[in-house]
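The values are calculated or read from the model by the stated rules, or taken from the named source; none is laboratory data. Keep in mind it's a predicted model, so treat the numbers as computed, not measured. All Cβ positions, even for glycine, are placed from backbone atoms using ideal geometry, and neighbour counts span all protein chains on display. To get the accessible areas, we keep the full protein, side chains included, count just its heavy atoms, and leave off ligands, DNA and RNA. Shrake-Rupley method; radii C 1.70, N 1.55, O 1.52, S 1.80 Å.
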Amino acid sequence: MIDKRPTCIVRCTGVADVIDTVNVARTHGVTLAVRGAGHNIAGTALCDGGIVADLSRMKGIRLDLAAQTVRAQPGVTWGDLDRETQAFGLAVPGGIVSTTGIAGLTLGGGFGWLTRTYGYTCDNLLSVDIVTADGAFLTASENEHADLFWGIRGGGGNFGIITSFEYRLRPVGPTVLAGLVLYRRDVGGTRSRSPLTPLGGAGDAPGRGRGPGRRARDGHRPP
Ligand SMILES: Cc1cc2nc3c(=O)[nH]c(=O)nc-3n(C[C@H](O)[C@H](O)[C@H](O)COP(=O)(O)OP(=O)(O)OC[C@H]3O[C@@H](n4cnc5c(N)ncnc54)[C@H](O)[C@@H]3O)c2cc1C
């Protein structure tokens, strides 16, 4: 499906490799593409004739249970991250497919099973370490390089190469209830929402849970 032929693929194993790759590409005026887990079907992680910084070997994950945060490198997939966080009954709201990379998904905003309860993936991002086009290594958060941090949360990979993501952890499971919740028409019929509005829709966002979807979920939580 994707047929692109880079001249060189650099299999980065750490921040130093990323900085060197950015500097070589800039110095020689070569196109540079960045690959996280390679799940983007448009093939934006590759390029023709340039350099690919392949980050798929950067798979470090470290939880801080006291702070309820986790740091993960850009080669990590949602399956990798869930495996570590679920050992402690915690999770980061991510995508619905385990093989998708945390990097591209987070940079695109990211939505999945937990979004209605805990927001988009980028809402749960606390900071990133990033190598910018001039080869500088920065940390961006609400308090440091806040404009860069704003752009990263949904702006895609256009602002530099992220070498570490720090997320807020949320309590989830490890036993969770999943499935479809249906109501008889007479139960929700007096409400103003359209019969076509899916249960757990916009009114079900965190802090606004007054719709039948929210009531149902509260009433069906596992013990
Ligand atoms: C089967 C499938 C299911 C999906 N399900 C969901 C879903 O449930 N929710 C959802 O939100 N999305 C979903 N997506 C979309 C997915 O989030 C995007 O395709 C995402 O880009 C994948 O990230 P990746 O790291 O695997 O991809 P890659 O192809 O490696 O990268 C995607 C883009 O991000 C850039 N990038 C990657 N890593 C970095 C980095 N460290 N620094 C800077 N730029 C970087 C790349 O250059 C590229 O432009 C799904 C996609 C597929 C194919």
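Every test in (1) surrounded by fewer than 19 Cβ atoms within 10 Å (Cβ to Cβ); (2) at pLDDT 95 or above; (3) among the β-branched types (Val, Ile, Thr) is passed by THR121 save one, and that test is (1).
For the criterion of being within 12 Å of the ligand (Cβ to nearest atom) and either over 30 Å from THR13 (Cβ atoms) or modelled with pLDDT under 95 (or both), PHE159 passes.
Residues that are open to solvent by 40 Å² or more (accessible area, probe 1.4 Å) and not small (Gly, Ala, Ser) are absent from the range 100-110.
If you go through the range 20-45 and keep only what is near the ligand (Cβ under 8 Å from one of its atoms), under 15 Å from CYS8 (Cα atoms) and not charged (D, E, K, R), you end up with ALA33, VAL34, ALA45. Filtering THR85, THR44, THR21 for residues that are outside any helix (DSSP H, G or I), hydroxyl-bearing (Ser, Thr, Tyr) and in contact (Cβ under 8 Å) with a residue 12 or more places away in the chain leaves a single hit, THR44.
Residues that are near the ligand (Cβ under 8 Å from one of its atoms) and open to solvent by 30 Å² or more (accessible area, probe 1.4 Å) are absent from the range 49-71.
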